[in-house]
Amino acid sequence: MLRTAQKQTDENKGVRLMSDLKRLLGYLERHWLGVTIVILAMAAATVLEMSPAALLRSIIDIALPERDLLLLAKLSLAFVGVAVLKGIILYVQWYTSELIGQKVIYQLRQDIHDHLQTLPPSYFSTMGTGQVMARLTSDIDSVQNFIGWGGLFLVSMVLMLLGVSAYLAYLNWKLMLATVVTFPFLFRTVFWFDRNVRPAWRNVRDKMGKLTETLQENITGIRVVKAFAREPEEIRRFAERNMAHYEANIERADIEARAQPFLELLTALSAVSMIGFGGYLALSGQMTVGTLFAFYQLLWSLIWPIRMLGWLVNMAEQALAAAPRLFELLDTEPEIRDCPSPVELEEIKGHIVFENVDFSFPGDDRKTLENINLEILPGETVAIVGGTGSGKSTLVNLIPRFLDPTAGRITIDGHDLREISLKSLRSNIGLVLQENFLFSATVRENISLGKPDAPLDEVMKAADLAQAHRFASEFPKGYDTPLGERGIGLSGGQKQRVALARAILTDPKILILDEATSSVDTETEYLIQEGLSDVMENRTTIIIAKRLSTIRDADKIVILKNGKISQVGTHLELLSQPGFYKRLFESQFAEQDVELALNLELENALNQDHVSKDA
């Protein structure tokens, strides 16, 4: 049974290998004209490779014995002509091969990048940035080396072997058989090498991906590393991954080192067999000396491809070990995509309804959100409040379809989100997160990310509303000042204000603020809120915040607890009820709000008394 299972596994691997090879060749099919030119050039180069041997044979067997100077001069000029023609053909072959390889890799890299844009954020959190980068760099390089010239060079070597062998058989079939007597052992060694080096290279690729991932995390999180004095632990962790990669390469090198000397020995034995037996045939008069010299010269054209064969197979194995990792990315189906005939929303009102919505992350049976029923009216400001892990961010991530509900549905203006095209949906939503990513571009380019053609005065107006204009205008080049990687050089509050300006500039009908003012001081928060009061008018706004000063004026406050809605109401309504919101209120600035609540209650009581007197 174990043998049957192993056989089935090997068959599956073989099928997958052929499938990957077919897909790689599929990229070559798009450049069939160039491939045809290269193959014709290879065939011509093979013929020209044999020409000097034929010319040398004629010189030794005819021109020299007959003392024919004219024939010797013609044959010598033929040598020059063959060299020039061979140089031209090799130029066409190598340049076209490289051109095809670069076009194939360009398209493959573009296909992978474009496909990555369709995958949800959750994919990158599970795959890891380092793994993705390793596949787009070292794995692509391996495929490029093989497709660019290694694969076509392998075809050239095969043509050379067949052409030279045929010509040698024509010259003297007995000597040709003596020359190739070691070939069965040679090919067996090559096949052993092929079988063992492929998994070794796959292991190297996997270890390189983990090493790159560790390095990327270390560099990205360098401030956290230093803040917690974790340098020794990070050095140890990187050293472990580095050692694993080193050991994988040593294992791979051991396989290559055992194969190459044996290949050298077998090719040397072929040369010995040819010289020994060929000398006997020449001395016994069964073959001319010119034919022996031609054999000797062509032998190296026969041995060279054989010696290169192991290296080319090694290169092919690297490509075939890298190809599954690349195609794995391409084959990853995006969990969130447009339906066959999506609805295009040109302008929306912002009426959002959650209907019996549940959500669980893949592979986790626990419900992050459960039975969410919530209606957000057009132009309404709704605050989402809850403790850590209550599902606040998950809830708002459902609206732009970064995630899809596992049960129930969400509608905007009566349309199920899954029926709306992703582009039109997200173009109507402005999103500001607690941790916002800024690109290595200018301040203006970062703000106008969602509206690249926005004039400078619009960019400045959005920045002013987000309280970013003051510090942006003070930069040496103003809004044209380039920011470093991830906005390095800006404070956390400045980054958030740039991100807020970016969302304001797109003029979205739905604005989602996920802890958007958590990194700014109280004074700046007050100024931002003053600016947002005009921005939020006639705009559906959803706010996640811990500071009650940010959410107290919301039309509706939703309290989440363990993924469920536990309370819904206004600020004053929730203050009159025991629960999470009241405890949060009491812990922050109870005195100010109690006074406000008492004044409002007093005003209501006076109004009721006045109405009763009039009656």
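Observations on the model:
- Residue within region 205-216 that is surrounded by fewer than 19 Cβ atoms within 10 Å (Cβ to Cβ) and either in a loop (DSSP other than H, G, I, E, B) or among the aliphatic types (A, V, I, L, M) (or both) present: yes
- Test: residue 516 is out of contact with any Gly (no Cβ under 9 Å at 6 or more places or on another chain), modelled with pLDDT under 75, over 17 Å from residue 390 (Cα atoms) and in a loop (DSSP other than H, G, I, E, B): yes
- One residue stands out in region 286-304 among those that are assigned to a helix (DSSP H, G or I) and among the hydroxyl-bearing types (Ser, Thr, Tyr): the one that is farthest from residue 151 (Cα to Cα), namely 291.
- Hits in region 160-172 (condition: of a type outside the set (A, V, I, L, M), buried (at least 17 other Cβ atoms within 10 Å of the Cβ) and part of a helix (DSSP H, G or I)): 163, 167
- Region 30-55 residues that are free of Cβ contacts under 8 Å to residues at least 40 places away in the same chain, paired with ones that are in a helix (DSSP H, G or I) (beta carbon under 8 Å, 6 or more apart): 51/78; 51/82; 55/75; 55/78; 55/79; 55/82
- Of all residues in region 566-577, those that are under 13 Å from residue 383 (Cβ atoms) and not in a helix (DSSP H, G or I) total 4.
- The lone criterion from (1) modelled with pLDDT under 85; (2) crowded, with 19+ Cβ neighbours inside 10 Å; (3) outside the structural domain of residue 25 (by TED's automatic domain parsing) left unmet by residue 336 is number (2).
- Residue match in region 89-112 (condition: more than 24 Å from residue 295 (Cβ to Cβ), without any contact (Cβ under 8 Å) to a residue 40 or more places away in the chain, surrounded by fewer than 16 Cβ atoms within 10 Å (Cβ to Cβ) and among the acidic types (Asp, Glu)): no
- Single match in 229, 248, 259, 268 (criterion: farther than 30 Å from residue 300 by Cβ and over 28 Å from the mean Cα position of the chain (by Cα)): 229
- Sole exception among (1) crowded, with 19+ Cβ neighbours inside 10 Å; (2) part of a loop (DSSP other than H, G, I, E, B); (3) polar (S, T, N, Q) for residue 388, by number: (1)
- Of everything in region 173-201 that is touching a Phe, Trp or Tyr at 6+ places or on another chain (Cβ under 7 Å) and farther than 30 Å from residue 244 by Cβ, the residue that is surrounded by the most Cβ atoms within 10 Å (Cβ to Cβ) is 175.
- Hey, residue 258 assigned by TED's automatic domain parsing to the domain that holds residue 51, loosely packed, with under 14 Cβ neighbours inside 10 Å, at pLDDT below 80 and charged (D, E, K, R) or not: yes
- Counting only helices (runs of 4 or more DSSP H) that fall entirely inside region 418-476 and contain at least 1 residues that are over 25 Å from residue 357 (Cβ atoms), the qualifying elements are 443-447, 456-465, 469-473.
- Test: residue in region 305-328 that is part of a loop (DSSP other than H, G, I, E, B) and in contact with a helix residue (DSSP H, G or I) (Cβ under 9 Å, 6 or more places away or on another chain): no
The values are calculated or read from the model by the stated rules, or taken from the named source; none is laboratory data. This structure is a prediction, so every number in the text was calculated from the model and none was measured. Please note: Cβ atoms are built from the backbone with ideal geometry, for glycine as well, and neighbour counts cover all protein chains shown.
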